[in-house]
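The structure appears right after this line, and notes come after that.
Nothing in this text is a laboratory measurement; each read-out follows from the coordinates by a stated rule. Only a predicted model underlies this, so the values are computations on that prediction, with no experimental measurement involved. Positions of Cβ are backbone-derived with ideal geometry, glycine not excepted, and every protein chain shown enters the neighbour counts.
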């Protein structure tokens, strides 16, 4: 009888815990990022001055639109992102501290969705480097 009571109590507790999960627990990672702005702050150890370190902005679909990295003097670097119809990054533009583009990355993907190649261009459109991704799976 004690064993049956213990089992029933455990099942009841599990049911209550499951029922208490919020709707945000059931959202996907991307759904939770819809129209989200995440700010990361640092505090200087000596002066106790607080400054913005990093800011990431997501669109209505939960896709990362922009990432900005800051230093104590202001913007260090900014990245913007463009996506294809299946949600893969196809273009990333990197801006300098004066908000001028200095690198443009374009991406190609394999049929399984993994990255195939990344091309790096100057703002004038000159191809600077090409990175090829190789995937080796163990036995």
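Summary of values
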{"read-out": "Residue in the stretch 92-116 that is surrounded by the most Cβ atoms within 10 Å (Cβ to Cβ), counting only those that are in contact with a strand residue (DSSP E or B) (Cβ under 8 Å, 6 or more places away or on another chain) and farther than 20 Å from residue 80 by Cβ", "value": "116"}
{"read-out": "Residue in the stretch 118-139 that is nearest to residue 102 (Cα to Cα), counting only those that are under 25 Å from the mean Cα position of the chain (by Cα) and in a strand (DSSP E or B)", "value": "121"}
{"read-out": "Some residue of the stretch 68-75 being surrounded by fewer than 13 Cβ atoms within 10 Å (Cβ to Cβ) and outside any loop (DSSP other than H, G, I, E, B)", "value": "yes"}
